[in-house]
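Engineer: Sharing a structure, written as structure tokens. Questions coming.
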Amino acid sequence: MKSLYILSGASGMTGSELVRQILESEKDSRIIGFDNFFASSIDTIRDFLDNSRFAFNEYDINDASKMRIVEEEVVREKGAFDRVVYINCAAVVHTEHFYEVEHTWETNVISMKSFLEQAIRVKADIYINCSTSEVYSMQSWNENGGVRESDYLMMSTAEHSQRTSYACGKLMTEFFMKDAVDKGKIKGCSIRFANVYSKHERFAKHIIPHIINELLEKNSVKLLENSKKNRRAFLHNIDSCRSVMALINSEKALDGTVYNVATDEEITIIDLTNKIAEKMGLPKPDIIFEGYRSSDPERRILNTEKIRTRTDWFPIITLDKGLEMCVASIER
């Protein structure tokens, strides 16, 4: 199918990989992408900038005048395509911002809603909303295969930590998405990704690039006190983006509901540190524990039965393979 994709956050961890996958697998499709480089750089999409099927602009999703330009371009071009697909990857991410309400609200909530409204105005066929597994907050795992999309949430509040403001904002976007689909305005769904990483990450804001950067500079790694107990299951962005494409191409999945996307390959943060050092050919590093992060769950295990039932998606990148890709990228 010949598709016109409108992609926010196009140079980010998810957006840039979507650009690659779409251009490689859909030879007649085109992407209109934009990003303000808040948490990325032009380097992630540099190889695609000369591709005539990828139109990129340095726009901020919060800039209404720039979003009008995007809308006008979509209206001009959409007649040449079989379907129009909006994918919202733009977000203020990195855990340090979760504790600052004003850092996340405008981009993650207000502008998501505006982008959805634009998709409805231009009569787009599909809207994919990238949410987060942070919405599971303090009940983010269980011993029965992980938390499900339909499970009730137990969230920390402002009485406990400002961290959950990020999750609450993302949760609101899921309501916007469901409401639009239920009212017949558009088809689409929301995705709760869990701990996505990529070989392109260069900002040491997430745990894997943080560990790599620390090991590049010295044979020690500084971790939060939480890391003495914390464990996570990490999702490579190749797999997170494969899930986006699988949902887009599954009619029965575009019902406005939420889909967990994760792996069940859990590892402690300490073991992760040692594994990365080993893959970098370094001795076992000294670990220095310093600082503490409130309302940080010890584990996060998501049940992915729903997406596996409604699409043909399953993760193909093991943690070992993904970490080797990260290390190889640094060496290059």
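Engineer: Looking only at region 258-277, count how many residues are in contact with a Leu (Cβ under 9 Å, 6 or more places away or on another chain) and not in a strand (DSSP E or B).
Structural biologist: 11
Engineer: Continuing with this model, one more query. Do you know which residues across region 270-294 are under 16 Å from residue 225 (Cα atoms) and in contact with a strand residue (DSSP E or B) (Cβ under 7 Å, 6 or more places away or on another chain)?
Structural biologist: Matches in region 270-294: 270, 273, 286, 287, 288, 289, 290.
Engineer: Now a separate question. From the list 255, 264, 239, exactly one residue is under 22 Å from the mean Cα position of the chain (by Cα) and open to solvent by less than 10 Å² (accessible area, probe 1.4 Å). Which is it?
Structural biologist: Exactly one of 255, 264, 239 is under 22 Å from the mean Cα position of the chain (by Cα) and open to solvent by less than 10 Å² (accessible area, probe 1.4 Å), namely 239.
Engineer: Could we say that residue 145 is open to solvent by less than 50 Å² (accessible area, probe 1.4 Å), farther than 30 Å from residue 286 by Cα and out of contact with any helix residue (DSSP H, G or I) (no Cβ under 6 Å at 6 or more places or on another chain) here?
Structural biologist: yes
Engineer: Filter region 213-237 for residues that are in a helix (DSSP H, G or I) and more than 21 Å from residue 38 (Cα to Cα) and give the result.
Structural biologist: 214, 215, 216, 217, 225, 226, 227, 228
Engineer: Residues in region 289-308: is at least one more than 20 Å from the chain's Cα centre (by Cα), modelled with pLDDT of 90 or more and in a strand (DSSP E or B)?
Structural biologist: The answer is yes, given that some residue of region 289-308 is more than 20 Å from the chain's Cα centre (by Cα), modelled with pLDDT of 90 or more and in a strand (DSSP E or B).
Engineer: Hey, does region 110-133 have a residue that's over 29 Å from residue 34 (Cβ atoms) and either at pLDDT 95 or above or among the acidic types (Asp, Glu) (or both)?
Structural biologist: No, because not a single residue in region 110-133 is over 29 Å from residue 34 (Cβ atoms) and either at pLDDT 95 or above or among the acidic types (Asp, Glu) (or both).
Engineer: Any idea how many residues of region 110-140 are over 20 Å from the mean Cα position of the chain (by Cα) and among the charged types (D, E, K, R)?
Structural biologist: 4
Engineer: Scan the helices (runs of 4 or more DSSP H) fully inside region 62-176 and keep the ones with 1 or more residues being touching a residue at least 40 places away in the same chain (Cβ under 8 Å) and among the small types (Gly, Ala, Ser).
Structural biologist: Helices (runs of 4 or more DSSP H) meeting the threshold: 64-77, 111-121.
Engineer: Filtering region 168-206 down to residues that are open to solvent by 50 Å² or more (accessible area, probe 1.4 Å) and touching a Lys or Arg at 6+ places or on another chain (Cβ under 9 Å), which residue is nearest to residue 123 (Cα to Cα)?
Structural biologist: Among them, the one singled out is 179.
Engineer: Taking region 26-46 as the region of interest, how many residues are over 16 Å from residue 237 (Cα atoms), polar (S, T, N, Q) and open to solvent by 10 Å² or more (accessible area, probe 1.4 Å)?
Structural biologist: 2
Residues checked against (1) in contact with a Leu (Cβ under 8 Å, 6 or more places away or on another chain); (2) closer than 20 Å to residue 194 by Cα; (3) of a type in the set (S, T, N, Q); (4) modelled with pLDDT of 95 or more:
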residue	(1), (2), (3), (4)
213	no, no, yes, no
217	no, no, no, no
220	no, no, yes, no
224	no, yes, no, no
235	no, yes, no, yes
241	yes, yes, no, yes
256	no, yes, no, yes
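Engineer: Further, regarding this structure: In a helix (DSSP H, G or I), without any contact (Cβ under 8 Å) to a residue 24 or more places away in the chain and surrounded by fewer than 17 Cβ atoms within 10 Å (Cβ to Cβ): does that describe residue 324?
Structural biologist: no
The values are calculated or read from the model by the stated rules, or taken from the named source; none is laboratory data. Quantities reported herein were computed from a predicted structural model and do not represent experimental measurements. No Cβ is skipped: glycine too gets one built from the backbone with ideal geometry, and neighbour counts run over all protein chains shown. Quick note on the areas: whole protein, heavy atoms, side chains included, nothing else; ligands and nucleic acids left out. Shrake-Rupley method; radii C 1.70, N 1.55, O 1.52, S 1.80 Å.
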